[in-house]
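No lab work stands behind these numbers, since they all come straight from the coordinates. Worth saying up front: this structure is predicted, and the values here are computed from it rather than measured. Positions of Cβ are generated from backbone atoms using ideal geometry, with glycine treated the same way; all protein chains shown enter the neighbour counts.
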Amino acid sequence: MTKIGTPDNPLRVAIIGSGPSGFYAAEHLQKQKDLTVHIDMFDKLPTPFGLVRGGVAPDHQKIKSVTKVYDRIAQKENFRFLGHVKFGVDVTRADLEQYYHAIIYAVGAQSDRSLGIPGEDLVGSHAATEFVGWYNGHPEYRDLTFDLTQEAVAVIGVGNVAMDVTRILARSQAELKETDIADYALEALANSNIKTIYILGRRGPAQAAFTNPEIKELGEMEEADLIIAPEELELDEYSQAYLASDTADKKDIRNVEIMRELSARPPQGKPKKIVLRFLVSPVELIGTNRVEAIKIVKNELYQTERGDIRPRPTDQTEVIPVGLVFRSVGYLGVALPDVPFYEKWGIIPNKQGRVVQAFGSDDVLTGHYVVGWIKRGPSGIIGTNKPDSVETVECLLQDMSTNQLLAPSQTDIVDLLKDRGVRFIDYQDWQILDQLELERGAKVGRPRLKFTSITDMLEALDKYKTPIKK
């Protein structure tokens, strides 16, 4: 048989998911000299780019410009985008094995970690992932509602997602109008009654996960004062030793410096306030039929035998009246049909990106690979996915050289999709939607006005493609 990766027998790869990790995997495959590769990238949504479109905060437009890189990858020869195709429903693992030499799972982490405390399921308690999807116009979250008539909100967690949620809650309508936030979210937030936002971190200021720009932004809000009490920034002996050590992350050092500068600023009497707290953990959400308050416990830090700085509860507790809670304690991967999954970590078990039958096993699932958050867990920024994807693709290429890939018997899955009546969206369709969104935004003085319903997307495409009768 002809060698795989030649013009007569191209390496055929399916990538499930169209976020950054999937595009970086495609890019590394495209860069291989003397390799003929055909890539089909699938997504359950008609729109590509994953969390860059549906997760990056709308007031961070510069970050979204990374899609220009993905656009160039998508327009290379022998690349196809097949959107509105759901893995496990429209196509199965068994189907893909008949059409591709390799399958790369790049589905990210689509759920959230729970707190595991009493009252977590009360009305008014939400996963941050839901709120992020809602204000970004993700079709699966557009119909959710959040009670913005409440005056006080708690955001649990001090990562960048928690910062995003806080900023969106605190932004003025004028600031949000300059973004591509979903139109219904813009209207709802314009009528918000929120006046106080508590950000609650379980460890100290030296361990905060947010980046320097994120905390600086909170000090520059048009309608919100950032309040950090000086005692919140008092460092324990372990944190002091860490910041003074050669192993200290520059981000952590600068975070503490920025917060000290911000703490010294007197409040300016803005209509909203953001209160940043450290060394506290929620232990209960209190309320009869809905959230009415949050009970927190004061933590102290200690050092483990391995040298890690960890929090543990003291006997001091406090109750803060809030009517809305957003849990931002980490994204979590979701199992795919007929694909191995490690529930504890929310990942597809793997060895350097090669899928294995079970966590800790060396039994490789031939021809199956994984990249991004579903490979390593939800860590890092967009750029972190590039070396991660390169590692996986290098393993795939090594397996190709030793004939350790799948042996597909079919060539073009589009025929199968058509036979099954699947309305798939190609990249040209996406470019039409993209242009329509930009035009809709321009009419109202905004960078983009998103389609937030799959039905609306398909109808817009049908209308665009219907010849105008003269």
The chain: relative contact order as a whole-number percent, Cα under 8 Å and 6+ apart: 21 percent
With Cα coordinates, the longest principal axis of the chain makes an angle with the long axis of helix 20-30, in degrees rounded to 10, of 30 degrees
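Residues with beta-carbon under 9 Å from that of residue 57, excluding residue 57: net charge, scoring Lys, Arg +1 and Asp, Glu -1?
Counting the neighbours of residue 57, the net charge comes to -1.
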Percent antiparallel among DSSP beta bridges (both partners in the chain, rounded to 5): 40 percent
Taking amide H positions as placed 1.01 Å from N in the peptide plane, with prolines and chain starts having none, which residues 5 or more places from residue 365, or on another chain, fall under 5 Å of its amide H? 355, 356, 357
Plugging the Kirkwood radius over Cα pairs into Stokes-Einstein for the chain, at a temperature of 37 °C and a viscosity of 0.692 mPa s, what D comes out in µm²/s? 136 µm²/s
Tally Lys/Arg at +1 and Asp/Glu at -1 over every other residue whose Cβ is under 11 Å from the Cβ of residue 67; what's the total? +2
Along the charge dipole of the chain, pointing to its positive end and built from +1/-1 on Cβ of Lys, Arg, Asp and Glu, which listed residue (58, 352, 387) has its Cα farthest out? 58
Unit charges at the beta carbon, dipole of the chain: most positive-side option, 108, 335, 70: 70
So what is the relative contact order of the range 299-419, in percent, for Cα pairs below 8 Å that sit 6 or more residues apart? 15 percent
Looking at the range 189-265, which GluC sites (Glu not before Pro) are DSSP coil and have at most 15 other C-beta atoms within 10 Å of their C-beta? 220, 222, 223, 234
Computed for the chain: size of charge dipole around the Cα centre, +1 on C-beta of each Lys and Arg, -1 on C-beta of each Asp and Glu, debye to nearest 20, value 880 debye
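With the convex hull built on the Cα atoms of the range 314-431, state its orientation-averaged projected area in nm².
Across all orientations, the range 314-431 yields a mean hull projection of 13.9 nm².
Grab the other residues whose beta carbon is less than 10 angstrom from that of residue 206, score K and R as +1, D and E as -1, and report the net.
-2
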Sort the range 183-306 into rounded, prolate or oblate with this rule: let a ≥ b ≥ c be the square roots of the eigenvalues of the Cα gyration tensor; rounded if a/c is under 1.5, and if a/c is not under 1.5, prolate when a/b is larger than b/c, oblate otherwise. oblate
For a test of the definition: using alpha carbon positions, the gyration tensor, and the 1.5 limit on a/c, classify the range 230-302 as rounded, prolate or oblate. oblate
How high is the relative contact order of the range 113-331, in percent, with contacts defined as C-alpha pairs under 8 Å that are six or more residues apart? 31 percent
